[in-house]
Structure formats: C-alpha cells, structure tokens
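What follows is calculated from the coordinates using simple rules that are stated; it is not laboratory data. Keep in mind the model is a prediction, meaning the values are calculated, not measured. So basically every Cβ, Gly included, is an ideal-geometry build from the backbone, and we count neighbours across all protein chains shown.
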Ligand code: N1C
C-alpha cells in the first residue's frame with residue numbers, strides 16, 4: 001500500500017488554515033497516481049493534474065455551504081469511468097464489511113474501487129468565499145448544510161456510478177438496523193433513482209444479519225425499495241449472516257459465489 005502519512009480531521013469551528021492545507025493537492029495527486037499505477041490503466045502524463053484542476057474548480061473560492069453537486073460535473077466528464085457490468089456493488093450502512101469484502105474478493109467493485117471514489121474516500125475538504133486555499137479542518141459537517149463540498153461530491157459521483165449500472169447489480173444492506181433502506185441515504189435518495197432497465201437487469205439485495213433481533217427481507221423499508229424500483233427490474237433479497245461473509249473473506253480458497 002501507499003502511506004501518505006497525513007490524516008484529515010473533522011470539523012471544529014469555521015474553515016481555518018492548518019499545516020496540512022498546502023498538502024491537499026499533493027495527497028490528491030499521489031492517490032491518483034497510486035490508483036492508476038495499481039490498476040495498470042494506461043493514462044496520459046497529465047491525467048492526475050486534470051483531475052486536480054476539475055476537482056478543485058468545483059469548490060475552491062466558494063462558500064463551503066454553497067457547492068451544489070453540479071459543481072462536480074466537469075470532474076465526472078474528465079474521468080468518465082467505464083462500467084463493470086454484473087460486478088457493481090452498492091451499499092448502505094455496511095461500509096466496513098463491504099470494503100473488507102471487495103479487498104479480499106475481486107469479483108465485485110464499489111465506488112471506492114473507481115478512481116474518484118478511491119482518491120476521496122476518508123478525506124474532508126472545503127474552501128471559502130474568495131479564497132484560493134483548500135482546508136481539511138473546520139469544514140461543515142455532513143448534515144450541517146446540504147450543499148457542502150464533501151456531500152455534494154458523494155452525491156454527484158454516486159449518481160454517475162449508479163447511472164452506469166448494468167446487468168445484475170448487488171447491494172449490501174444492514175440487517176441490524178430498523179431501516180436497512182433509509183430514505184435519506186445516498187443509496188435511497190440518489191442511486192436507486194438512477195437504476196434503469198434494460199441496461200440493468202436485476203437488483204440483488206444481500207441483507208447482512210447478525211442473529212435473532214434483526215431486520216429480515218420482509219422489512220417495511222425493503223417493501224419501499226421494491227415499490228420505488230423500476231418495475232421491469234428483477235428484484236431478489238437474501239439474508240446472509242455476517243459470520244458467513246467474514247468466513248468467506250478470511251478464506252482465500254472460497255470463491256465469491258460461496259459467500260452467500
Ligand atoms: O448514504 P449511503 O450510506 O447509502 O451511501 C452509500 C452509497 C454506496 O452505494 C456508494 O456507491 O453511496 C455511495 N457512497 C460512497 O461510495 C461513499 N464512500 C464514502 C456514499 N457515501 C460514501 N462515503 C461516505 O460514507 C460519505 O461521507 C457518507 O457519509 C457515508 C455513507 O453513509 P451510509 O448511510 O452508510
């Protein structure tokens with residue numbers, strides 16, 4: 001792996017300068033190059049510079065509560081990722097197990113396995129009105145104002161990722177919560193709305209359970225999911241115990257198909 005040796009913190013009180021701010025571009029460029037190197041993608045010399053220009057152009061100099069998701073349109077167009085039909089994995093409230101899974105098994109890919117998702121995962125950023133700088137502390141929290149640069153970024157890249165969904169699509173939802181399909185999640189509010197046939201054929205829900213007192217496939221929120229889904233898409237739901245997936249993750253000989 002690549003050690004960047006930098007941690008980006010969360011909010012305190014209003015954007016302010018900090019000792020990491022000048023490094024933000026460096027972090028983006030090195031993660032970009034690391035991704036392109038690992039994924040053996042033929043890329044022109046300046047791909048990562050283009051990514052930085054389009055990315056920073058979205059929020060630098062803007063009020064950190066006034067960056068709409070459309071601000072990232074040119075970033076999406078600059079990267080234009082190719083879809084991996086039948087291998088796309090969506091998730092909600094299951095981030096940890098999903099990424100352990102995709103790291104161990106190469107059969108399914110999440111947004112964090114694409115260039116933009118990989119670069120920005122776990123980062124926080126914002127600027128302020130009239131500034132040329134990027135800050136990584138003192139930025140608005142996720143729900144503090146809706147049009148913050150981080151939330152708008154995930155909204156926009158998630159929309160693009162879901163729009164490209166094709167073939168059989170998998171989503172891992174959390175069966176240990178009351179509402180596995182949460183209305184204000186990105187999965188419900190953005191991604192599901194972009195799923196469309198005939199390019200996409202089916203949505204297969206893997207509901208990760210822990211034991212007795214968890215949600216099952218009959219859960220009300222999953223009835224809502226079926227109701228809002230394009231009716232020509234096939235829908236399945238499978239309850240899978242967390243330990244079965246964990247066993248599969250830790251056994252390199254177990255093929256993907258044996259995980260549920
Ligand atoms: O709101 P969520 O999950 O339903 O979003 C997950 C959904 C996935 O299918 C992804 O394609 O949306 C996409 N996505 C990310 O890839 C992602 N990486 C990191 C959405 N959010 C992402 N993050 C951060 O995790 C982001 O800061 C957001 O707050 C959480 C996701 O929250 P959730 O409710 O578990």
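Total residues in the range 106-115 satisfying the condition of being touching a residue at least 60 places away in the same chain (Cβ under 8 Å) and buried (at least 19 other Cβ atoms within 10 Å of the Cβ): the figure is 2. Could you check the range 154-191 and list, in sequence order, the residues that are within 20 Å of residue 72 (Cβ to Cβ) and more than 9 Å from the ligand (Cβ to nearest atom)? Passing the criteria: 156, 159, 160, 163, 164, 165. Residue check: residue 121 meets all listed conditions (1) surrounded by fewer than 19 Cβ atoms within 10 Å (Cβ to Cβ); (2) over 27 Å from residue 252 (Cα atoms); (3) within 10 Å of the ligand (Cβ to nearest atom) but one, namely (2). Of all the numbered requirements in (1) touching a residue at least 40 places away in the same chain (Cβ under 8 Å); (2) more than 10 Å from the ligand (Cβ to nearest atom); (3) within 17 Å of the chain's Cα centre (by Cα), residue 130 misses one, and that requirement is (3). For the range 133-151, taking the residues that are in contact (Cβ under 8 Å) with a residue 24 or more places away in the chain and within 11 Å of the ligand (Cβ to nearest atom), the one that is surrounded by the fewest Cβ atoms within 10 Å (Cβ to Cβ) is identified as 141.
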